[in-house]
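Accompanying notes for the structure given below.
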Ligand SMILES: NC(=O)c1ccc[n+]([C@@H]2O[C@H](COP(=O)([O-])OP(=O)(O)OC[C@H]3O[C@@H](n4cnc5c(N)ncnc54)[C@H](OP(=O)(O)O)[C@@H]3O)[C@@H](O)[C@H]2O)c1
């Protein structure tokens, strides 16, 4: 049996990863801040699938929280074979409207935690010559979209760069770029979603199934769903200025106001 550690495992995409990996027979280490939700989920997955599910309550916006997960990942006696860096959130508002402390917290959770946890996990994986890391980014990585998009662009570049450095080592790294997914994300950020067309919404379980297929295929970048693959193809060739205008408007309409 292998073990997967998932951050942000109690809701949305992380929860879908936990369900799918437990169903596939992997033991789990579940990370989030809310201990009660973690325990409930661990019990449910253990009872349903017979896997071991340990819980690790940690706030990845703090040094202590990141260090606690680093320590777990570095434990050679209980190796982690798959790390899913998924914890993340959105901030309501445009540039200068979001308090600086919230912008910095986003960079800590989306970038520093991902860098430190990936490093902690990959050291042991390299020695064992096997393992995988999925870093959850977003299609927002490919459009000018404030600190959120910039942090996810960092996740994509970091992951693909590290994957190249580790090629041939037996360790796979993949950046996962979802479009809109029905989770707690928008509600937590206080963002309205009424105007997002229904065709743009993805299902978290289907997204995870496609992501795991892409990881098995050895991809370093996964954009699940043909609709978003096509959209990102257009984004690649669209003029940057036009793109900035559209994504900025999209933010106003679908976002906080
Ligand atoms: N939903 C979308 O449309 C969408 C699209 C593209 C990319 N994404 C990305 O997908 C990832 C998961 O998002 P989601 O939509 O599944 O969100 P979600 O439903 O709000 O779930 C977020 C998860 O992260 C945990 N979390 C948040 N802050 C944390 C912190 N400081 N430390 C530890 N855990 C923390 C939450 O649990 P606690 O509150 O208990 O800590 C929860 O388990 C994020 O990285 C997000 O940027 C989402």
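The values are calculated or read from the model by the stated rules, or taken from the named source; none is laboratory data. Note that this is a predicted model, so its numbers are computed, not measured. Here Cβ is always computed from backbone atoms with ideal geometry, including for glycine, and neighbour counts include all displayed protein chains.
Odds and ends about this structure:
- Whether a residue is in contact (Cβ under 8 Å) with a residue 40 or more places away in the chain, in a helix (DSSP H, G or I) and either under 17 Å from residue 188 (Cβ atoms) or within 15 Å of the ligand (Cβ to nearest atom) (or both) was assessed, and residue 14 passes this test.
- Those residues of the stretch 136-168 which are farther than 23 Å from residue 7 by Cα and either touching a strand residue (DSSP E or B) at 6+ places or on another chain (Cβ under 9 Å) or surrounded by fewer than 20 Cβ atoms within 10 Å (Cβ to Cβ) (or both), in sequence order: 144, 164, 165, 167, 168
- Among the residues examined, residue 72 qualifies as surrounded by 17 or more Cβ atoms within 10 Å (Cβ to Cβ), assigned to a helix (DSSP H, G or I), touching a residue at least 12 places away in the same chain (Cβ under 8 Å) and touching a strand residue (DSSP E or B) at 6+ places or on another chain (Cβ under 8 Å).
- Residue 93 vs. criteria in a loop (DSSP other than H, G, I, E, B), buried (at least 16 other Cβ atoms within 10 Å of the Cβ) and within 13 Å of the ligand (Cβ to nearest atom): no
- Selection count, the stretch 1-21, where residues are buried (at least 17 other Cβ atoms within 10 Å of the Cβ) and under 21 Å from residue 75 (Cα atoms): 9
- A single member of 150, 162, 141 is at pLDDT 95 or above and either more than 27 Å from residue 201 (Cβ to Cβ) or near the ligand (Cβ under 8 Å from one of its atoms) (or both), and it is 162.
- Filter result for residue 126 (farther than 16 Å from residue 215 by Cα, more than 8 Å from the ligand (Cβ to nearest atom) and surrounded by fewer than 17 Cβ atoms within 10 Å (Cβ to Cβ)): yes
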